[in-house]
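Coordinate-derived values only; no laboratory data. Everything quoted here is computed from the prediction, not taken from an experiment. Reconstructed Cβ throughout: ideal geometry from the backbone, glycine too, with neighbour counts over all protein chains shown.
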Amino acid sequence: MSIVIGKLAVKNPVFLAPMSGVTDEAFRLAAHQTGAGLVVSEMVASEELVRERRDMVRRARCGHRLSPFVMQLAGREARWMAEGARVAQDLGADIIDINMGCPARQVTGGLSGSALMRNLDHAITLVEATVNAARVPVTLKMRLGWDERSLNAPELAKRAEAAGVAMITVHGRTRCQFYTGKADWAAIRAVRDQIKIPLVANGDCASADDAKAMMLASGANAVMIGRGAYGRPWWPAVVAEQLNVGSGRKQPSLAEELAIVLQQNDETLRLYGGALGNKTFRKHLGWGIARLYERDLISAEQTMAARAGLLGQTNNDIVRQGLREIYDMASDRMGLAA
Ligand SMILES: Cc1cc2nc3c(=O)[nH]c(=O)nc-3n(C[C@H](O)[C@H](O)[C@H](O)COP(=O)(O)O)c2cc1C
């Protein structure tokens, strides 16, 4: 069954989760171009966006190459959410997602993110303000509740649907769990029972088997992958293909992977400028190397040497050359195994 958000149909049910500091435009572009069902921007603080704070404006860029472009807004006051929604639309957002899931203390301390789940009347004023200000569909991402004594995601979801929200995503943990324990996929079903709009389940999905189990347990229409896409922006598309042949793409060959990673490197430098771009790319490089090791495509020694040689490297040409060499080593090992 295809998923429709407002009037926008998405191509498959495996989405890339918003992750601040990870899913920047360069990463999302790679995920989108390889075939993720939907990709969501990093959280953009609405007041800072309206005030044109530089890093927020960068987070809000889409370069018109991402369609649909989903911008996630965070905030604690209705008026800034409304203003932020207008700016997001002007910047080309096709969908606005509201963040009520972020557990970080600097966010909840500011009474936004998952702290909004402590006061649903207030949370709904933000939803209403955003929906009223926006011409585009508004979606909402939340956790199960603040803590295990207040699992109010079903109530928030129901009220949000009544206020005009077009899709709900639930991360199967409470705020107080942060990222500990295991996401409770079955607990998300209580939200399914309250809403008719599309529901997306999130938390600890790393494979097609996980995605199937998650959808079965929760009754969700789609899944959202976060950390499982570290170092492999093509992964949501691969999971989509394994779930439903023809809707995503097959695991890229090593040569294709290298091309995707080199393009991500290019885009990262374009987005942030040379020095900051190089620094920002390092974490992706570290994860990418770890993925090759995890797949037994490079040895422990090669992994250590690549990390030592590349993760502190400020010359991007050397980083790119190093990437080619790592992928050559991986191809050799794959050839030997064949
Ligand atoms: C580094 C990092 C940054 C995150 N930033 C955001 C964010 O900006 N907005 C948001 O709604 N969730 C954010 N999240 C939460 C993820 O979207 C997701 O809900 C969570 O990681 C669980 O999914 P996973 O187990 O697939 O990673 C972040 C998570 C991580 C690990």
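Just want the ordering: 180, 130, from fewest to most Cβ atoms lying within 10 Å of their own Cβ. Can you show the working numbers first?
Working: 180 7, 130 27.
Least to most surrounded, the residues fall as 180, 130.
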Whole-percent tail of the Cα-Cα distance distribution for the chain, cut at 39 Å, equals 13
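Evaluate the relative contact order of the range 1-115 (contact order divided by residue number), counting alpha-carbon pairs under 8 angstrom at least 6 apart; express in whole percent.
20
Where Lys and Arg each count +1 and Asp and Glu each count -1, what net charge lies around residue 250 among other residues with Cβ under 11 Å from its Cβ? Write out the running numbers ahead of the final one.
Working: positive: 249; negative: 241, 256.
Neighbour charge sum, excluding residue 250 itself: -1.
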Between the modelled labels at residue 55 and residue 331 (7 Å from Cα along Cα→Cβ) the distance in nm is 3.9
Fewest to most Cβ atoms within 10 Å: 185, 146 sort as 146, 185
The helix 153-162 Cα axis meets the longest alpha-carbon principal axis of the chain at an angle in degrees, between 0 and 90 and rounded to 10, of 70
Taking the alpha-carbon centre of each part, the distance from the range 29-76 to the range 267-289 in Å is 18
Among 158/250; 7/196; 7/250; 7/158; 141/250; 7/283, the pairs whose Cα-Cα distance exceeds 26 Å are 158/250; 7/250; 141/250; 7/283
Longest principal axis of the chain (C-alpha) makes with the long axis of helix 254-272 (C-alpha) an angle, in degrees to the nearest 10, of 60
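How high is the relative contact order of the chain? Use alpha-carbon pairs under 8 Å, at least six apart in sequence, and give a whole percent. Present the calculation step by step, with values, prior to reporting the outcome.
Details: 667 pairs, mean separation 50.0, N = 338.
So the answer I get is 15 percent.
Determine, for 260, 96, the number of other Cβ atoms within 10 Å of each Cβ, and report the residues in order from fewest to most. Display every interim value, and only then the final one.
Working: 260 19, 96 29.
Fewest-to-most ranking of 260, 96: 260, 96.
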As straight-line cross-link partners of residue 11, the qualifying aspartates and glutamates (C-alpha separation under 17 Å, not fewer than 8 residues apart within one chain) are 94, 241
If one compares the long axis through the Cα atoms of helix 25-34 with the longest principal axis of the Cα atoms of the chain, the angle in degrees, nearest 10, works out at 80
Distance in Å, no decimals, from the C-alpha centre of the range 132-200 to the one of the range 312-335 is 42
Those trypsin sites (Lys or Arg not before Pro) from the range 123-155 that are DSSP loop and have at most 13 other Cβ neighbours within 10 Å turn out to be 135, 149
Scalar couplings 3J(HN,Hα) for the range 211-216 by Karplus 6.51 cos²θ - 1.76 cosθ + 1.60 (θ = phi - 60°), nearest whole Hz, x for Gly and Pro, are 4, 4, 5, 5, 5, 5
